Amino acid sequence: MTEPVLETRGLVKSFGALRATDGVTLDLRRGEIHAVIGPNGAGKSTLIKQICGNIAPDAGQVRLLGRDVTQWSTMARARAGLARSFQISALAMEDTVLQNALLGALGASGSPYRFLRPALGRRHLRDRAMAALDRMGLADLAATRVATLSHGQRRQLEVAVALTLAPRAFLMDEPMAGLGSEGSLALTRVLDGLRAEAPILLVEHDMDAVFALADRISVLVYGRIIATGTVAEIRANPEVREAYLGEAP
Amino acid sequence: MTPLLIVEQVLNGLQSGIMLFLMAAGLTLIFGVMGLINLAHGSLFMVGAFAAAATAAATGSFLLGLGAALVAAACAGALVERLVIRRLYDRDHLDQVLATFALILIFSEGTRWIFGSFPLYLDIPPALSGPVTLPGGIQYPLYRLFLIGVGLVLAGALFWLIGRTRLGIRIRAGENDREMIAALGVDIARLYTLVFALGAALAGLAGALVGAIQSVQVGMGEPVLILAFVVIVIGGIGSITGALVGALLVGLTDTLGGIFLPRLFALVMDPAAATQTGAALSSMAIYMLMAAVLVWRPTGLFGART
Amino acid sequence: MLKQLLASVALAACATTAMAEVKVGLITTLSGGGAGLGIDTRDGFMLALEQAGRDDVEVVIEDDQQKPDVAVQLADRLIQSEKVDVLTGIVWSNLAMAVVPAATAQGLFYLSTNAAPAQLAGAGCNPNYFSVSYQNDNLHEAAGAYATKAGFANSFILAPNYPAGKDSLNGFKRFYEGELAGEIYTDLGQTDYAAEIAQIRASGADSVFFFLPGGMGISFLKQYADSGVDLPLIGPAFSFDQNILQAVGDAALGVKNTSSWSKDLDNAANAAFVTAYSEKYGRLPSLYSAQGYDTANLLLSAMDKAEVSDDEAFRAALMEADFDSVRGKFSFNASQHPVQDLYVREVVREGDILTNQIVDTAITDRGHAYEAECKM
Amino acid sequence: MTRETLLNALVLLALGLLPVWAHLSDEPFTITLATRAAILALAAVGLNIALGLGGLVSLGHALFFGIGGYAMGILASHAQDYTPIYDGAFTVPGTKSMPVIWLVAVAASAMAALLIGLLALRTAGVYFIMITLAFGQMAFFFAISWNAYGGEDGLSIYVRNSFPGLNTLVPIQFFGLCFGLLCLILLASHLLARSPFGLALNAARQSPDRVMAVGLDPKRLQLVAFVLSGAVTGLAGALFADLNRFVSPTMFSWQTSGEIMVFLILGGVARLCGPVIGAAVFVLLEHWLGGLSEFWHIWLGLLLLAVVLFARGGLVGLIAGRARAHD
């Protein structure tokens, strides 16, 4: 078997007495969508932050493309090919859609210290940004300010920015949150097509989307993975039903 | 340098620190509760001193002067809060800096307009003047002991107010979550005015207390303001404990630095050069302390970690 | 080039009016914490003009806010737009250093009502620069002379850590023959002197000399009086000026200070000045008022003898100092600084108010220490 | 956008032409005022890079202004006294040449900005405001007690420094020099705002998390902005010193920092010509109000208050409407 693209090994993070993640081990393989689900307070945010490098784990490892990146900064991980989208969208609200996409392209180019020629005049940046916008159906809105976009459009832009990075792995933090059923459906289609380019670690509350998309699902409860498996396996797992699905009416 | 002299200088450091605390406490409360940078806090210090001097001159009573300082500063604070500051809570720090910078100009020149360009007279009441002999034979001005005492009592009262009373609970709630105290049915606008007036009153009182041994003049507030900012930044903005610790640190550094640095330099250079180098460095000492603290702990000693 | 321009303007003026007008630019501090000094300077200066009742002097008054860059701007404006002939009025040495060299280089006369830094007295002296006040070191020198005369042998001296402070202590030491119990430079603008007073107490000194102008002096005097240290204090007049004394209160009583002028100086010009000033402004004059008054009278006396457009003649007329100084005898030395007596005053209470009384003369006919350096 | 472009053009045209008119009608002081406005505007343009684009509220920009000023003062005073600055293994002479002075001013203030930025950018928000203030105060007290260069008295330079091919003593020529530099730096800052760096910096101010997520380091972007900003303000300081032919610690005072910030906010933060309008209006007010009343600070204060409370976005915002994204 080839090496997983992204992998965590026994990630532990405590806040005082609370163990937010308690030895989380999971992997993301080429071509798959791996969903992480769990009730509120299960430690999903803490897990994401450790994978992205926002917080350092007390113990354990994060590996990206076979390299131990646990000590790496967020920026270094992004440059190494890990793209993320934010649960609460973290776009530059005063800027246009295109400028936000350009930022991604600029990040991918790795050389932001160019001071005189306009960013828009740089062909390779612009093409890359427009391609991503096009794919998310945002090309027509390129000149629109993000602040005036609808919630759903901002979600799409989040994904578009991630796309500009041409990453080796996606980490998506509840991309469906707040989208209507139509929006979810559209995004589901996009993500479905994306997995061929780079695998997606999908942290999501929307069960319909998860069950529609995921090749594998891991269930996080109280900081621990209690089960990992295919959709069918997870549906059938009694422990999961009791701990998690059981709670949801 | 005798141990007695060192003890005396430590007392001096404590005294200036505790007065700084009165300034810094209001500043840090106002920042903690309302998220506001108030550059005009020094003006309230000045208002207190002028009110005290004018009242004491008219009535001959220092005590009445202190009362007037409290009332005048609190009123000025409440007024400014209602007219100006209230509109700045949801603005960024930049607007707050500019607006309160404008307030300094208005307060300073307004005071000069009313009281003229010459310093006012405010003296220590006879009952508190002159030195007393402390154990160990230290001759120490009674008034400075009085300042330490008043400062400690006020600090205690403030800790009690914040920690033990309903108002304190609301203030602390306000620091954590504005929406929550609105949900609790507290009238936020009133709470803010009250906190601002409280901070102003503390500054005004400090101005009057210190004014008795200093020069009551226009512009007296700004040096203290900058020191008070240094204090709350060292202590961690929003923390009363931090303000106390920061104030004492700054007071002691400032006082002791001025004495020991020249002596330190005298060990390695000739006396005249040492005196000047030491004096130069000691005037920079508290800023170096502040920079060092911030580099070490970017949110101050007792500030909330982000 | 500019000088030519000015000359031609003056010529044009001559053609229209019978008498040559003199235009004076008075730059002084009228706002902010140091405004009191500038206001006194202005009031003294204007009183003299008013008394003379002349219409051939025009004064343009500007507020420098005690900021050097503002002073420079104002000087530029007065020179370029108002085309003044004479500049005067600056209180502070650092502002004078910013304005005077450039102004005199452009051919204007500068008559100093107060600030007279060493640079302008010595190597930097200029034919167009006259100090009507003193040389900055003078009052400190007088204090040193008095300390020696009074038999003090172990003085503790302190001043703020800036050039005028250093000049002050050097000036004191120039005429002081005893030992130093200690020498301290404080922060500029410092308000608390507890630490310094403790050092004074511990030093075993027999007297204290201090130079702390403005609010610093008020703070120091109050705190010193309250500390129980009862060593005799000596200082230059700046901390005992008429306007400041009331704010210091009884803490200043009995303190000796040195000055080139006092309101009780016994001469007719002074008596008339004090009366007129008090009547007009409702307060007693200060040293700054007196210097402003003298400067205006000096200017008027020179105008009677020469045209301001004639540099050489006007300079000679100024040098004569043919006016009734409120300081009694007054003359200029070769570097165009006063030669005058320096007095010791004591703070006394007169009725409701505190004021100064002359008790001694510290130095007679004092010029200044930098004369040899002035090549003019 | 067009309305603001028009306004910018008008403002620059007015600032550029007024002195020409003044020169022709022999009003040299008007030229001096315009020069002052242009130089102060340049200082604020510098701050605008850090504050407007980078969101770094620095209350310590007087430090760079002062360093620029002292660079001029030190170099020129040594040249004027014919004493070398350093005379050891090799000799460093003073100079009266503006280009050299500018270069030194820019390099020195950029170095200072780099060092201070490295430390100060560990903090954020109010702490950043305060730590920059603290560094400014440190420099202020240092300058006061720096006897070798005049301490509190400052340094006087008797003759304005020279620029090849110009007679800088002629007011209109010196103005032209300052105005030319202002326009050049405005153009540069216009380009900067649209450049890849400007884009990234702008995003770093609004959403540092996003910037990190695309692999860029927001702190480093801000540090570079701070250095550029300090360098421009330092250049303005050197010019200001040359305008006055004088430097003093006042240039380092926190009020100077406050005033530079006032120019910017009065005109409009993050607007290309905001600093220019702010500085010009401030200089005019100072000149007019100062002549009207001894207590003109009160009116200035009230006016500033009115701008903050009722004219958000400063004067440019008032005239040209809300800021738009750069495109």
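Kirkwood Rh, the stretch A:1-115, all Cα pairs: how many Å?
Values: mean 1/r = 0.0634 Å⁻¹.
Over the stretch A:1-115, the inverse of the mean reciprocal pair distance is 15.8 Å.
May I ask for log10 I(q)/I(0) of chain A at q = 0.07, 0.15 Å⁻¹, from a Debye sum over the Cα atoms as equal point scatterers with solvent left out? With no solvent term, the Cα-only Debye profile gives -0.24, -1.06.
Considering only C-alpha atoms, what is the centroid distance from the stretch B:185-224 to the stretch C:276-344, in Å? Centre-to-centre (Cα) distance: 47 Å.
Placing +1 on the Cβ of every Lys and Arg and -1 on the Cβ of every Asp and Glu, with nothing else charged, gives chain A a dipole about its Cα centre of roughly 1000 debye.
Sorted into 10 angstrom bins from 0, the C-alpha pair distances of the stretch D:33-101 split as 19, 34, 27, 17, 3 percent. Under the convention that each Lys and Arg Cβ holds +1 and each Asp and Glu Cβ holds -1, the size of the dipole of the stretch D:3-326 around its Cα centre is about 1120 debye. Give, to the nearest whole percent, the P(r) tail of the stretch B:3-296 beyond 30 angstrom, counting all Cα pairs. Value for the stretch B:3-296: 34 percent of Cα pairs lie more than 30 Å apart.
Only helices enter the 222 nm calculation for chain B: every DSSP H run of n ≥ 4 contributes -39,500 (n - 2.57), and dividing by all residues gives -26000 deg cm²/dmol, rounded to 500.
Residue by residue along A:52-63, Cβ atoms of other protein chains within 10 Å of the local Cβ number 1 on average.
Nearest 100 Å² is fine: how much accessible area is buried between D and B, summed over both sides, with a 1.4 Å probe?
Details: alone 15830 and 14530 Å², together 26380 Å².
Accessible area lost upon association: around 4000 Å².
Which percent of the accessible area of the protein assembly as shown is formed by carbon and sulfur heavy atoms (probe 1.4 angstrom)? Kindly include the intermediate steps, with their values, before the conclusion.
Working: 26920 of 44710 Å².
Result for the protein assembly as shown: 60 percent of the exposed heavy-atom area is carbon or sulfur.
Accessible area of A:Asp173 (1.4 Å probe, protein heavy atoms only, ligands and nucleic acids ignored): about 20 Å². Of the peptides C:124-137, C:266-279, D:92-105, the ranking by mean beta-carbon count within 10 Å, highest at the top, reads C:124-137, D:92-105, C:266-279.
Projecting the Cα atoms of A:Leu157, A:Pro112, A:Leu91 onto the charge dipole of the stretch A:89-166 (Cβ charges, centred on the Cα centre) puts A:Pro112 farthest toward the positive pole. Counting only Cα atoms, the stretch B:1-89 measures 55, 37, 15 Å along its principal axes, largest extent leading. The mean number of Cβ atoms from other chains found within 10 Å of a Cβ in peptide B:29-39 is 1, as a whole number. Adding -39500 (n - 2.57) for every DSSP H run of four residues or longer, then dividing by how many residues chain C holds, sets the calculated 222 nm ellipticity at -13500 deg cm²/dmol. Once the gyration tensor of the Cα atoms in the stretch A:89-166 is diagonalised, the equivalent ellipsoid follows with semi-axes of 19, 13, 11 Å, ordered largest first.
In what sequence, largest accessible area first, do A:Arg122, D:Arg205, D:Arg122, B:Arg144 appear using a 1.4 Å probe? Working shown, then result.
Values: A:Arg122 35, D:Arg205 75, D:Arg122 115, B:Arg144 10 Å².
My answer, sorted largest first, is D:Arg122, D:Arg205, A:Arg122, B:Arg144.
Normalised by residue count, chain D yields a Cα convex hull volume of 150 Å³ per residue.
Could you tell me what % of all Cα pairs in the stretch B:42-161 have separations over 19 Å? It would help to have the intermediate numbers written out before the result.
Details: 4400 of 7140 pairs.
Above the 19 Å cut-off, the stretch B:42-161 has 62 percent of its Cα pairs.
Tell me the angle of helix C:194-203 to the major Cα principal axis of chain C, expressed in degrees between 0 and 90 and rounded to the nearest ten. Result, in degrees: 60. Packing around the peptides D:72-82, A:186-196, C:55-65, taken as the average count of other Cβ atoms within 10 Å per residue, puts them in this order, highest first: D:72-82, C:55-65, A:186-196.
Stokes-Einstein diffusion coefficient for the protein assembly as shown at 37 °C in a medium of 0.692 mPa s, Rh from the Kirkwood formula over Cα pairs: what value in µm²/s? If you can, show how the numbers build up before the last one.
Numbers: Rh = 33.4 Å.
The Stokes-Einstein estimate is 98 µm²/s.
Most tightly packed first, judged by the mean number of other beta-carbon atoms within 10 Å of their residues, the peptides C:83-89, A:146-152 read C:83-89, A:146-152.
The Rg/Rh ratio for chain C is 0.98, where Rg is the radius of gyration of the alpha carbons and Rh is the Kirkwood radius.
Of all complete DSSP H helices in chain B, those with a Cα span along the helix axis of 18 Å or greater and a mean Kyte-Doolittle hydropathy of -0.5 or more are B:3-34, B:41-59, B:62-83, B:93-115, B:142-164, B:188-211, B:221-235, B:240-266, B:271-296.
Taking R0 as 35 Å, what's the FRET efficiency between C:Ser278 and B:Leu128 from their Cβ-Cβ distance, rounded to 0.05? Efficiency, rounded to the nearest 0.05: 0.50. Rounded to the nearest 500, the helix-only mean residue ellipticity at 222 nm of chain A stands at -9500 deg cm²/dmol, with each DSSP H run of n ≥ 4 adding -39,500 (n - 2.57).
Computed with every protein chain present, the accessible area of C:His140 is close to 10 Å² [probe 1.4 Å].
How crowded by other chains is D:54-65, given as the mean number of beta carbons from other chains within 10 Å of each beta carbon? Please report the intermediate quantities before stating the final value.
Numbers: counts 0, 2, 0, 6, 0, 6, 0, 0, 0, 0, 0, 0.
Counting Cβ atoms of other protein chains within 10 Å of each residue's Cβ and averaging gives 1.
Think of the stretch D:164-317 as a dipole: +1 on every Lys or Arg Cβ, -1 on every Asp or Glu Cβ, centred on the Cα centre; then among D:Ser293, D:Leu169, D:Val232, D:Val232 lies furthest on the positive end. In terms of its alpha-carbon gyration tensor, the stretch A:45-109 comes out oblate; a/c meets the 1.5 threshold, while b/c is at least as large as a/b. With a simple spin-label model that places each label point 7 Å from the Cα along the Cα-to-Cβ direction, the separation between B:Met269 and A:Phe115 comes to 3.6 nm. Projecting the Cα atoms of B:Tyr121, B:Leu145, B:Gly168 onto the dipole axis of the stretch B:3-296, where Lys and Arg carry +1 and Asp and Glu carry -1 at the beta carbon, places B:Gly168 farthest toward the positive end. Excluding ligands, DNA and RNA, the accessible surface per residue across the protein assembly as shown is 36 Å² with a 1.4 Å probe.
Which helices count as membrane-span-like in chain D under these terms: full DSSP H, at least 24 Å along the axis by C-alpha, Kyte-Doolittle mean of 1.6 or more? Before the final figure, lay out each step's value.
Working: long enough: D:2-24 (32 Å, 1.26); D:28-48 (30 Å, 1.42); D:62-81 (27 Å, 0.87); D:98-120 (31 Å, 2.32); D:126-144 (27 Å, 2.04); D:171-194 (35 Å, 1.75); D:218-244 (38 Å, 0.99); D:274-292 (26 Å, 1.47).
Helices meeting the criterion: D:98-120, D:126-144, D:171-194.
Quick one: grab the alpha carbon gyration tensor of the stretch D:1-149, order the square roots of its eigenvalues as a ≥ b ≥ c, and give me rounded if a/c is under 1.5, else prolate or oblate depending on whether a/b is larger than b/c. The shape class here is oblate.
Buried accessible surface for the D/C chain pair comes to about 2600 Å², total over both chains, computed with a 1.4 Å probe. Here the dipole of the stretch C:286-376 is about 260 debye; that uses its Cα centre as origin and unit charges on the Cβ of Lys and Arg (positive) and Asp and Glu (negative).
The values are calculated or read from the model by the stated rules, or taken from the named source; none is laboratory data. Treat the numbers as computed from the prediction; the structure is a model and nothing was measured. Cβ: placed from backbone, ideal geometry, glycine included. Neighbour counts: every protein chain shown. We work out accessible area using only protein heavy atoms, side chains counted, and drop any ligands, DNA or RNA first. Shrake-Rupley method; radii C 1.70, N 1.55, O 1.52, S 1.80 Å.
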